[in-house]
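Okay, so here's the structure we're looking at.
The values are calculated or read from the model by the stated rules, or taken from the named source; none is laboratory data. Everything numeric in this text was worked out from a predicted model, so none of it was measured. Here the Cβ positions follow ideal geometry from the backbone for every residue, glycine too, while neighbour counts run over all protein chains shown.
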Amino acid sequence: MPEIPSSTWPVIPLGSLAADEDGAIAIGPFGSSLKAEVYTTIGIPVVRGNNLTDSPGFHGDFVYIDERTAARFPRCIVRPGDIVFPHRGAIGEVGLAVGPAESRWMLSTSMMKFRCDNTKLDAPYLYYFFRSAFGRHQLLRNASQVGTPGIGQPLASLRACEIPTPPLREQRAIAGVLGALDDKIESNRRTSRTLERVARTIFRAWFVDFAPVKAKAAELIRNAVLEIGDGYRAKNSEMDKCGLPFIRAGNLNNGFDTARAERLCEESVAKAGRKVSRVGDIAFTSKGTVGRFARVTAHTERFVYSPQICYWRSLDPSQLDPAILYCWMQDDDFGAQIAAVAGQTDMAPYVSLKDQRQMSVPVFPSSQHTVAPKIEALLARQSAAIQESKILVKLRDYLLPKLLSGEVRVAEGPVCSILETTAASRKKRRGHA
């Protein structure tokens, strides 16, 4: 297991670094005290595990409570600068509350929080420490993985976490470097969402101008215009360190997480045949959480589809442009057809290949080739922004342990000066070797 990196900085239990105020370390209300029926559609947002992402702040869908309910749990109120953690479920995740000073959130029953003594510990620095493998190990070391993962004595475990504590100025400098990278990553995400919206708006503005003839997807398949497929049915024994990523439903959400996917061995990749991704494919989750989409771009690492995912592939762009197909599949027409068949069984939602081949697809007119280049240019810029963010994430995660250990020190000036300092340190060490 990863241990705290060796450094000259003191390592201090987190409990000694808390703010001197009631509720600085607190756990969310018991489940019986905060039942689902108290949730409202407006009010104070409740922070749950699904609101934590790989960037500061809380994201995604929220439930809310009213002021009267919040007043019953003053210790459970989260304010800007607080660090929050799940003590049940997604243990090892961490979030940093970000917002105007008057902002407030409420801990859910599965969450806990920590408020720093700002004279000893910088909150963004602590957030990045817990984002590291060292910090994650601290959170997981007292967790049980039997059933739903949980920490038996969550607050005692949190207080006992050991934190390397450089001087405050250095803490802030470390957090500043990592925060600058996160700011750029978040900026790219906003740009990506905007480009996606504009592309789909252009499609809709064009699509409403005509009443398209429709054909069954099966007819387009027979005419070699369209291919609809699902994933390769792999055995556990076919997984290996080499080969291609094997993308399951959990690896698909507005993109493909190839880095954390299992890998299918090279021999089985050859067997997968057409179930290997191609640029232009539109993939979506067809079992369980149905309807998460992603588009295979020139920046996407080749991968193999799992059976939880279906793909639509244009075989004749002259009749069915891939960019137009992608926008249509994101639109209400295709969404309504998915919703109509996804709940046909008593089991989890499921859209079969048979169902998909019976769906109606517009026969797009030749004007698609006037609109498609505009959409494709936007989607290409979106893909480039996503790719840049992946590179920045790797840089951030590479720097994180080196900054925490003091192996890399933050010099005055831009990030490049850090790298120069690192190179100089290595040269100095080689000279002493």
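Residues that are surrounded by fewer than 22 Cβ atoms within 10 Å (Cβ to Cβ) and of a type in the set (D, E, K, R) within segment 89-114 comprise GLU93, GLU102, ARG104, listed in sequence order. Taking segment 321-349 as the range and being more than 17 Å from ARG200 (Cα to Cα) and either crowded, with 16+ Cβ neighbours inside 10 Å or outside the structural domain of ASN254 (by TED's automatic domain parsing) (or both) as the test, the residues that pass are GLN337, ILE338, VAL341, ALA342, PRO349. Restricting attention to segment 86-112, the residues being in a strand (DSSP E or B) and out of contact with any Ser or Thr (no Cβ under 6 Å at 6 or more places or on another chain) number 9. Inspection of segment 241-254 identifies at least one residue that is under 26 Å from the mean Cα position of the chain (by Cα), more than 23 Å from LEU353 (Cβ to Cβ), surrounded by 13 or more Cβ atoms within 10 Å (Cβ to Cβ) and at pLDDT below 95. Scanning segment 370-379 for residues that are closer than 18 Å to VAL213 by Cβ and either touching a helix residue (DSSP H, G or I) at 6+ places or on another chain (Cβ under 9 Å) or surrounded by fewer than 17 Cβ atoms within 10 Å (Cβ to Cβ) (or both) turns up at least one hit. Among the residues that make up segment 248-265, is at least one of them over 27 Å from GLN337 (Cβ atoms) and either in contact (Cβ under 8 Å) with a residue 60 or more places away in the chain or of a type in the set (Gly, Ala, Ser) (or both)? Yes - at least one qualifying residue is present in segment 248-265. Answer with yes or no whether ARG313 is at pLDDT 95 or above, charged (D, E, K, R) and surrounded by fewer than 16 Cβ atoms within 10 Å (Cβ to Cβ). So ARG313 does not fit the description; no. One residue stands out in segment 278-297 among those that are surrounded by fewer than 22 Cβ atoms within 10 Å (Cβ to Cβ) and among the small types (Gly, Ala, Ser): the one that is farthest from the chain's Cα centre (by Cα), namely GLY280.
When we screen ALA224, ALA234 for residues that are loosely packed, with under 13 Cβ neighbours inside 10 Å, part of a loop (DSSP other than H, G, I, E, B) and among the small types (Gly, Ala, Ser), the only hit is ALA224.
Cβ separations smaller than 9 Å between residues 6+ apart or across chains give the following pairs from segment 222-236 residues that are under 15 Å from ALA270 (Cβ atoms) to residues that are aliphatic (A, V, I, L, M): TYR232/LEU264; TYR232/VAL269; TYR232/ALA272; TYR232/VAL276; TYR232/VAL304; ALA234/LEU264; ALA234/ALA272; ALA234/VAL304.
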